[in-house]
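Derivation of every value follows stated rules applied to the coordinates shown; laboratory data play no part. For clarity, every value in this text was computed on a predicted model and none was experimentally measured. Please note: Cβ atoms are built from the backbone with ideal geometry, for glycine as well, and neighbour counts cover all protein chains shown.
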Amino acid sequence: MNDPHLVLGVLNGDDIGHEVVPAAVAVATAAAERHGLRIEWRPMPIGRTALDTHGTTLPEGTLETLAKMNGFVLGPIGHREYPKGPGSINPHPIMRKQFNLFANVRPTRSYPDIGCLYDDIDLVIVRENNEGFQPDRNVVAGSGEFRPTNDMTISVRVITRVGSERVARVAFNLARHRRKLLTIVHKNTVFKLGCGMFVEECYGVAKDFPDVTVNEVIVDTMAMRLVRDPQNFDVVVTTNMFGDILTDEAAGLVGGLGMAPGLCIGDGDFAMAQATHGSAPDIAGTGRANPYAMIDSTRMLLDWLGRRRNIPQAIEAAQSMETAITATLGNPTARTGDIRGAGTTATMTAAIIAAVRG
Ligand code: ATP
């Protein structure tokens, strides 16, 4: 039964999060209103603000409350700047784990005149989100990094069959609905067992997608090819750390981190909109933050929830957002300075909202 109604958490995060998250909510609200979608936004404290008010960057009950919603928008987390103490934790790996959001879908797309290195890039990197080399999320207790003696540190990389298989399935599904080309990025020449298992699982999933062409590229070659011929990639699937690095590189091709949106998804109907960029304390409060990444992450959230929950109004709202964003990126007066504009977070957001309203 179609219910044009979504309940979404809003967690600003830190620094520019207080600017770009409200921008994303305002744009999504305008699009929802235009298409008869009701969105109940539920703001919740997180990060430095929550540390000041609740004594912890992830207040008790946050995860339980979010679990009752349809998804949420998470702003960038500036955990490196948190004062040291037991309440200062980095909340987003915990959220990705808690809600089993194992796939981080990060598109890279060229737009005219904003300083992209090529005008015809359209690729998506699907990054495994919950294991790999990231020591703060690849174990259930303790850390995946430890120091047995003062002059030795060991970092553990976790690759599982189930983790590899399920992220590969997300990537193949995406490729099936795009240009039907999937590239597996790995380094099985060195990580014979870890990357070897990841690649094996990807090929296992490939059997269910005979319509998708599969190839593989070693990660160092991929770093070079992203610069030389990014047009030759459609969907890329890779492990956590490789994906972390390659998605920032990909952002550099199309105008920088302000142009890098993302959606964290799993098997269920629940998702988290989270831009690739950090909290950018260097520009916080100056009005220079590009809201594109956060707005487009929120657009991805509406589109994905609309498809998963069969809410056409959410899909239509996402489509209106996309049209409005594209139009606004073509307006140098409205868009921000990082993408060759003379505008601010506020002018860009206002222009997108005006375009959404038609
Ligand atoms: P993290 O490791 O948490 O991802 P980071 O160290 O990569 O963070 P960011 O906070 O992402 O750092 O910032 C890197 C650079 O990109 C900074 O110079 C910052 O100002 C710029 N930047 C990041 N996001 C944006 C944005 N939305 N608009 C404009 N510039 C941005």
Fill in: Theoretical gain in end-to-end length, E322 to M224 [0.36 nm per residue, Cα-Cα removed]
32.3 nm
Worksheet item: With charges only on Cβ, +1 for K and R and -1 for D and E, what is the dipole size of region 117-253 about its Cα centre, in debye, rounded to 20?
Response: 360 debye
Response to the item:
The number of Lys pairs in the chain whose alpha carbons lie under 29 Å apart, excluding pairs fewer than 8 residues apart on one chain, is 9
Discussion item. Between region 1-75 and region 89-150, what is the separation of their alpha carbon centroids in Å?
Written reply: 20 Å
Worksheet entry | Expected 222 nm ellipticity per residue - DSSP helices of 4 or more, -39500 (n - 2.57), all of the chain, to 500 | -12500 deg cm²/dmol
Worksheet entry | GluC sites (Glu not before Pro) restricted to region 26-97 and DSSP loop, no more than 14 other C-beta within 10 Å | E60
Practice prompt. May I ask you to evaluate 6.51 cos²θ - 1.76 cosθ + 1.60, the Karplus curve with θ = phi - 60°, for each residue of region 146-160 and list the ³J(HN,Hα) values in order in whole Hz, giving x for glycine and proline?
Written response: 8, 10, x, 9, 4, 10, 8, 10, 10, 10, 9, 10, 10, 10, 10
Item to complete: Report relative contact order for region 117-253 in percent, whole number only (criteria: Cα-Cα under 8 Å, sequence separation at least 6).
Response: 36 percent
Response to the item:
Everything considered on the Cα gyration tensor (a ≥ b ≥ c; rounded for a/c under 1.5, else prolate if a/b is larger than b/c, else oblate), region 1-131 must be described as oblate
Worksheet item: What whole number of Å gives the distance from the Cα centroid of region 203-242 to the Cα centroid of region 317-351?
Response: 31 Å
Worksheet item: Quick one: if the Förster radius is 56 Å, what FRET efficiency do K180 and D151 give, using the C-beta to C-beta distance and rounding to 0.05?
Response: 0.65
Worksheet item: Rounded if a/c is under 1.5, else prolate if a/b beats b/c, else oblate: with a ≥ b ≥ c from the C-alpha gyration tensor eigenvalues square-rooted, which is region 174-293?
Response: prolate
Worksheet item: How high is the relative contact order of the chain, in percent, with contacts defined as C-alpha pairs under 8 Å that are six or more residues apart?
Response: 23 percent
Worksheet item: In region 117-253, what % of DSSP beta bridges are antiparallel (nearest 5)?
Response: 20 percent
Item to complete: Counting other Cβ atoms within 10 Å, keep those with at most 15, restrict to DSSP loop, and tell me which chymotrypsin sites (Phe, Trp or Tyr not before Pro) in region 99-144 are left.
Response: Y118
Practice prompt. Putting +1 on Lys and Arg Cβ atoms and -1 on Asp and Glu Cβ atoms, find which of M224, L302, G194 reaches farthest to the positive end of the dipole of the chain.
Written response: L302
Worksheet item: What list of ³J(HN,Hα) couplings, whole Hz, do you get for region 34-43 from phi and the Karplus terms 6.51, -1.76, 1.60, once you set θ to phi - 60° and write x for glycine and proline?
Response: 5, 10, x, 9, 8, 10, 9, 8, 10, x
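Do you know the relative contact order of region 268-358, to the nearest whole percent, from alpha carbon pairs under 8 angstrom that are 6+ apart? Could you put the intermediate results ahead of the total?
Numbers: 114 pairs, mean separation 23.5, N = 91.
Worked out over region 268-358, it gives 26 percent.
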